[in-house]
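Every read-out reported here was derived from the displayed coordinates using simple, explicitly stated rules and does not represent laboratory data. From a predicted model like this one, the values you see are computed outputs, not experimental measurements. Positions of Cβ are backbone-derived with ideal geometry, glycine not excepted, and every protein chain shown enters the neighbour counts.
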Amino acid sequence: MHPLDTTALSAVIDAIRASARHTLPARIEPQHRVVDDLGYDSLGIVNLSVALEDQLGRPILLDGWIGGAASPSSLTVGSLAQWVALGTRGEDGVAVGAR
Amino acid sequence: MESLSARAEGGLLWLTLDTPGSDVNVFDLRAARALEHELTHLSPDVGAIVLSSTKPGSFVNGVGLMMAGAVKAKGDVARLTAPVRAAYRALRDAPVPTIAAIHGNCFGCGVELALQCRHRIAVDDGPTCFYMTEIADYLFVPCFGATQDLPRVVGLDAAIRLVVGGERWTAREAAMAGLVDRVIAPRGCDEAIRAMALEARAGRMRSQRVVGFDPESSRRARIATATLPDAQRGVSESAIDLLERGALGHDAYDDEIVAAEESVARPESKAAQGFFFVRQIAAARERRTSVPRVTSLVVAGLPLLADTLARNAPMELPIVLAPAPRIDPGRLLIASSDGPGVDVVLSTDGKPPTSGRVRAWAPFLASGSRFVEIDGARPDGAAALALVLQRAGLETATTHARGAFVSEGVVRALLDPIARFLKRGGSIGAAQAALTRLGIARPLRTIAASVGRPFGCEIETTSRDIKLDVAIAASLIAFVVETLASGSVAHPASLDVIARHGIDFPLAHRSLTSFATVARAGALLEHASEIAQLTPLSVLDALDAHASGGRDVWS
């Protein structure tokens with residue numbers, strides 16, 4: 001597993017703060033579970049995608065991130081940051097950059 | 001806030017769904033656990049149970065795609081949905097009469113939830129709609145008993161139409177099919193539900209059940225299914241097999257789970273599940289924070305749209321249908337509380353409107369797609385129109401194509417190579433086969449007629465080996481590249497929604513802009529000579545530019 005990309009993590013946390021419709025913990029940690037701890041459902045994930053797009057400046061779909069988990073309970077803030085970082089860098093690690 | 005609240009009163013237990021932080025009810029694990037808890041801790045005073053929703057416009061919209069997304073291997077569906085299954089079983093086995101009081105969207109597992117109740121009543125208004133999303137939207141077999149329970153309640157023919165055919169039923173249509181026992185008016189519906197619950201408690205409420213196996217309806221469905229593209233055919237045939245066994249009274253619930261598991265894990269279903277997010281992102285980008293409060297809508301002419309609005313508009317939106325003497329046919333007048341009315345020219349036939357302050361076009365209504373493209377040149381008027389149409393259950397895309405409509409563009413990008421193919425002696429049958437290979441199920445004639453291009457002429461058929469499907473794919477990718485570069489759509493997801501409605505762009509590819517990858521453009525260039533025979537040179541240029549310096553739309 002790669003170390004967490006701090007830029008991606010901070011974009012994810014900002015997007016969660018912008019899109020959440022539930023009361024959030026004072027501090028959002030990488031190990032927080034997006035469904036169980038932060039209250040997201042599939043429509044919430046849509047709002048999170050839109051907020052992430054605003055952060056990153058490129059359209060982003062999260063179905064691949066959801067599909068990679070064994071269950072919705074294992075989707076975490078950290079796993080989302082890793083997934084976002086992979087999309088930003090590309091599979092070969094070269095930065096794709098913002099649109 | 002809880003997903004489910006319980007209130008006991010006068011021998012009745014009222015269980016009310018209200019998913020926290022969501023505009024619609026999602027029967028997620030929290031709701032499932034809460035329902036099972038209530039049903040396994042019933043007080044002996046309870047004589048009947050009413051399951052309903054406080055969410056305006058939504059009874060249950062789904063279990064949430066998050067679970068479907070996580071299914072990968074054998075055993076996953078049973079494992080992930082166990083709490084939902086336990087709640088459904090507890091509802092079915094409840095020792096007292098149970099009533100689903102349905103007001104608003106009743107989609108997918110919401111239909112299956114209602115089927116666990118002994119009685120179903122539905123409020124007769126716009127948002128009440130019965131729709132099985134599983135195959136129509138996500139290409140997987142439902143997994144909470146629909147294939148077994150539905151044919152025993154509504155008969156095999158209606159069950160096939162709902163589960164496989166993707167029909168949407170109003171409260172009255174559901175009652176005619178036997179899915180709901182009674183339909184009640186929105187005004188005073190709470191009192192009517194209470195009266196029926198008391199009737200059920202006294203054992204006086206009877207359910208209408210149609211039970212039977214009609215081999216003819218299954219034969220018809222199999223013929224219709226045989227010509228579908230592969231991705232739809234497999235899942236449809238699997239569902240018909242199960243529905244037949246349900247109608248025959250077999251207990252094939254476990255086989256339904258196996259079929260659901262197999263279908264939901266396939267790549268085409270994963271792609272279709274991805275389109276849910278594309279579509280919702282388009283809707284989120286379409287929503288504006290400040291729009292005038294609409295107070296009435298006058299529709300003149302436009303019988304197709306007027307009918308759709310009349311059937312689906314929520315009751316708080318007053319709609320005046322034709323005749324409206326003060327406005328011309330083909331016009332809509334949207335009145336708002338804070339400003340002058342918005343004058344809209346909207347066309348539902350094959351020709352886009354050329355005049356009007358706000359122009360809108362719904363060319364695909366005739367083929368059943370509830371979609372309207374709105375020219376966004378005047379943003380406030382466009383936003384007011386979008387709001388009205390969305391509240392009536394239509395999907396909208398606001399575009400900036402400067403006089404043209406993206407709807408027409410996407411259909412033309414599909415039809416142009418086909419027209420050249422026909423001119424060169426190709427047959428309509430071969431063209432339809434190319435569409436099927438691409439995954440498009442809609443008949444070519446229907447697609448062409450939507451933009452006023454009937455393919456009626458007799459064509460002399462000769463056998464030619466031209467790769468039409470390759471040329472169509474190239475033409476569509478070039479159209480994506482050009483449309484996104486021109487700024488005609490505010491967001492790629494809007495183009496995807498238009499392509500889904502306009503050319504039945506297959507869910508198995510997730511969406512048109514997902515299909516238009518740099519890698520696919522590069523692969524298509526290997527067939528450049530065939531593509532050049534059926535498309536203008538600009539298509540190859542666009543493919544080349546995309547393959548060499550472009551970027552995939554979605555990351």
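For this structure, a couple of remarks:
- Residue within segment B:114-122 that is out of contact with any strand residue (DSSP E or B) (no Cβ under 8 Å at 6 or more places or on another chain) and closer than 20 Å to B:Ala260 by Cβ present: yes
- Whichever residue in segment B:524-555 is within 14 Å of chain A (Cβ to nearest Cβ) and of a type in the set (A, V, I, L, M, F, W, C) and, among such residues, is surrounded by the most Cβ atoms within 10 Å (Cβ to Cβ): B:Val553
- Elements of type strands (runs of 3 or more DSSP E) in segment B:1-83, at least 3 residues being among the aliphatic types (A, V, I, L, M) and under 28 Å from B:Thr170 (Cα atoms): B:12-17, B:48-53
- Flag for A:Ser79 being without any contact (Cβ under 8 Å) to a residue 24 or more places away in the chain, away from chain B (no Cβ under 14 Å) and either assigned to a helix (DSSP H, G or I) or surrounded by fewer than 19 Cβ atoms within 10 Å (Cβ to Cβ) (or both): no
- Residue, surrounded by the fewest Cβ atoms within 10 Å (Cβ to Cβ), within segment A:64-76, restricted to residues that are within 11 Å of the chain's Cα centre (by Cα), more than 7 Å from every other protein chain (Cβ to nearest Cβ) and not hydroxyl-bearing (Ser, Thr, Tyr): A:Trp65
- Test for B:Ala90: is it part of a helix (DSSP H, G or I) and within 14 Å of another protein chain (Cβ to nearest Cβ): no
- Where helices (runs of 4 or more DSSP H) fall wholly inside segment B:180-255, the ranges with 1 or more residues that are more than 24 Å from B:Cys143 (Cβ to Cβ) are B:189-201, B:215-226.
- Tabulated pairs, segment B:268-287, first more than 20 Å from B:Leu385 (Cβ to Cβ), second in a loop (DSSP other than H, G, I, E, B) and small (Gly, Ala, Ser), C-beta under 6 angstrom, 6+ apart or interchain: B:Phe275/B:Ser511; B:Val278/B:Ser511
- Those residues of segment B:405-418 which are in contact (Cβ under 8 Å) with a residue 60 or more places away in the chain, touching a Pro at 6+ places or on another chain (Cβ under 9 Å) and hydrophobic (A, V, I, L, M, F, W, C), in sequence order: B:Val411
- Assessment of segment B:58-72 against the conditions (closer than 19 Å to B:Ile121 by Cβ and away from chain A (no Cβ under 12 Å)) yields at least one matching residue.
- Subset of segment A:52-63 (residues that are at the interface with chain B (Cβ under 7 Å from one of its Cβ atoms) and part of a helix (DSSP H, G or I)): A:Asp63
- Qualifying residue in segment B:97-106 (condition: closer than 23 Å to B:Phe276 by Cα and either outside any strand (DSSP E or B) or of a type in the set (A, V, I, L, M) (or both)): yes
- Of the residues contained in segment B:350-367, one or more are found to be basic (Lys, Arg) and closer than 29 Å to B:Asp469 by Cα.
- Near pairs, Cβ below 6 angstrom, 6+ apart or cross-chain, from segment A:37-51 (facing another protein chain (nearest Cβ under 7 Å)) to any residue that is polar (S, T, N, Q) and part of a helix (DSSP H, G or I): A:Val46/B:Gln280; A:Asn47/A:Ser19
- All helices (runs of 4 or more DSSP H) inside segment B:357-457 with 1 or more residues being within 24 Å of B:Val298 (Cα to Cα): B:379-391
- Segment B:73-87 - residue that is within 14 Å of another protein chain (Cβ to nearest Cβ) and closer than 18 Å to B:Arg30 by Cα and, of those, surrounded by the fewest Cβ atoms within 10 Å (Cβ to Cβ): B:Ala82
- Candidate set from segment B:9-31 (those that are more than 12 Å from chain A (Cβ to nearest Cβ) and within 25 Å of B:Gln280 (Cα to Cα)); member that is surrounded by the most Cβ atoms within 10 Å (Cβ to Cβ): B:Leu17
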